[in-house]
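For reference, the structure discussed in these notes is given below.
The values are calculated or read from the model by the stated rules, or taken from the named source; none is laboratory data. Here the structure is a predicted model, which is why all the values come from computation and not from measurement. Positions of Cβ are backbone-derived with ideal geometry, glycine not excepted, and every protein chain shown enters the neighbour counts. Accessible surface areas use protein heavy atoms only, side chains included; no ligands, DNA or RNA. Shrake-Rupley method; radii C 1.70, N 1.55, O 1.52, S 1.80 Å.
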Amino acid sequence: MGLDGMARSFKNENFSMKKAFITGINGQDGSYLCEHLIDLGYEVFGMVRRQSVAENQSFRIEKLNHKITTFYGDINDEKSIWNILENVCPDEIYNLAAMSHVRISFEVPSYTLKTNGLGVLNLLEAYKHICPKAKFYQASSSEMFGNSIDSDGFQRLTTPMNPTSPYGCAKVLAYNLVNHYRNAYNLHACNGILFNHESPRRGINFVTNKIVKGAVEIKKGLRNKLALGNLDSSRDWGHSYDYVRAMHLIVNNGKARNWIVSSGQNRSVRDLCEYVFETLGLNYMDFIIQEKKYLRPEELKYLKGDSSETRELLGWKPFYSFETMIQEMIDSWMKKI
Ligand code: GDD
């Protein structure tokens, strides 16, 4: 990977390709977005946070080493962001960097607020000063709604935001900052409010991949129990690849505004367990146990997003169904384990 990118300056080079800059490029969404933008003919730049185990900072984008340029940086480190934006002068900025785990945000609330809230402010300031003509995408989250639900059982742009976690509070702060910077400084800054999205690249401490991996290990005789937290909460689960395609459409809409990206279907964690174990010919009730440590001090109980505007106005449509997504995740673990 070209982590020596800082040595080059991209400012004055005459690229005909559009330049996209992605923070969090090595995460699940960052890696799919990177592939999608390369397919669309973009030159892709990314920011990677230094980790002590070097493999962890690049494994999802290893195959793309020769096609992208990455820089070490951190949205908590203003100077690093200013340096990168001055060097790259991107046409599009996708802010996917975040402390992304909701339960862990209760353990590190201050870090979460700094990274997911003030970190976005750092990036917006640099964007406003260095490349205000660029288009900006902020990874906003359905976690911002907390337990607000409209009377028809959906969440949408007008649903009140009452977050139930430090993660959700920080995301609301960032969401409002993006709206404010768009209005105050006439920037093309957009929020994509994405509901849960998964894939074989999902971290194994998120519930979908934890359940799929655990069930495959049980199927292969490697363990006989899987400990989870709350089985009664429910989520609207889609596929990360479909959702990064929406990010690109959102940024390239003529008018900057906010959008909802969701499957529009809702399933409980219990339903998810039942489906995954049944697909493997097992009964989840024989294997699932509950452990307090996976419960949250406050739980967001129910998410179901209304993405009808995004489908109608942006022409976005998911390729994956819940079933094909889970099958892909099962196949991936069956091969890996
Ligand atoms: N992670 C986890 N681990 N979740 C569990 C477990 C467990 O052992 N047992 C039950 N759950 C429940 C959680 O309590 C939650 O209700 C649900 O499974 C989903 O948890 P996660 O997969 O951790 O996702 P999340 O909904 O908290 O957050 C994800 O979606 C947000 C969008 O709404 C993350 O991707 C966030 O970054 C994202 O913004």
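If you count only protein heavy atoms with a 1.4 Å probe, what accessible area per residue comes out for the chain, rounded to a whole Å²? Walk me through the intermediate numbers first.
Numbers: 14670 Å² over 337 residues.
Accessible surface, normalised per residue, equals 44 Å².
Students often check this: by mean Cβ neighbours within 10 Å, which of 271-283, 28-40 ranks highest, and how do the rest follow?
Numbers: 271-283: 16.6, 28-40: 21.1.
Top to bottom by mean Cβ count within 10 Å: 28-40, 271-283.
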Unsatisfied cross-links (Cα-Cα over 24 Å) in the set LYS213/LYS293; LYS220/LYS317; LYS63/LYS114: LYS220/LYS317; LYS63/LYS114
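Taking R0 as 35 Å, what's the FRET efficiency between ILE337 and GLN290 from their Cβ-Cβ distance, rounded to 0.05?
Details: r = 24 Å, r/R0 = 0.68.
Computed FRET efficiency for ILE337 and GLN290: 0.90.
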Contour minus Cα-Cα distance for ALA227 and GLU298 (0.36 nm per residue): 23.6 nm
Proximal lysines relative to LYS67, as straight alpha-carbon distance under 24 Å, when same-chain residues fewer than 8 apart are discounted: LYS11, LYS18, LYS19, LYS135
Note, ³J(HN,Hα) from phi for segment 292-305, Karplus 6.51, -1.76, 1.60, rounded to Hz, x at Gly and Pro: 4, 5, 8, 7, 10, x, 9, 10, 7, 8, 8, 10, 8, x
Phi to ³J(HN,Hα) by Karplus 6.51 cos²θ - 1.76 cosθ + 1.60 over segment 51-63, Hz, x for Gly, Pro: 10, 5, 9, 4, 4, 5, 8, 9, 4, 6, 10, 4, 5
Amide proton proximity set for LYS18, modelled H, under 5 Å, gap of 5+: GLU43
Built amide H within the under 5 Å cut-off of TYR137, gap 5+: ILE93, TYR94, ASN95, CYS190
Share antiparallel - DSSP beta bridges, the chain, percent rounded to 5: 5 percent
Mean Cα-pair separation over length for the chain, i.e. relative contact order, pairs under 8 Å, 6 or more apart, %: 17 percent
On Cα atoms only, tilt of 207-219 relative to the major axis of the chain in degrees: 50 degrees
Full-stretch length increase - ASN76, THR324 - with 0.36 nm per residue and alpha-carbon distance subtracted: 85.5 nm
Percent accessible area from carbon and sulfur atoms, the chain, protein chains only, probe 1.4 Å: 50 percent
Built amide H within the under 5 Å cut-off of ILE288, gap 5+: LEU226
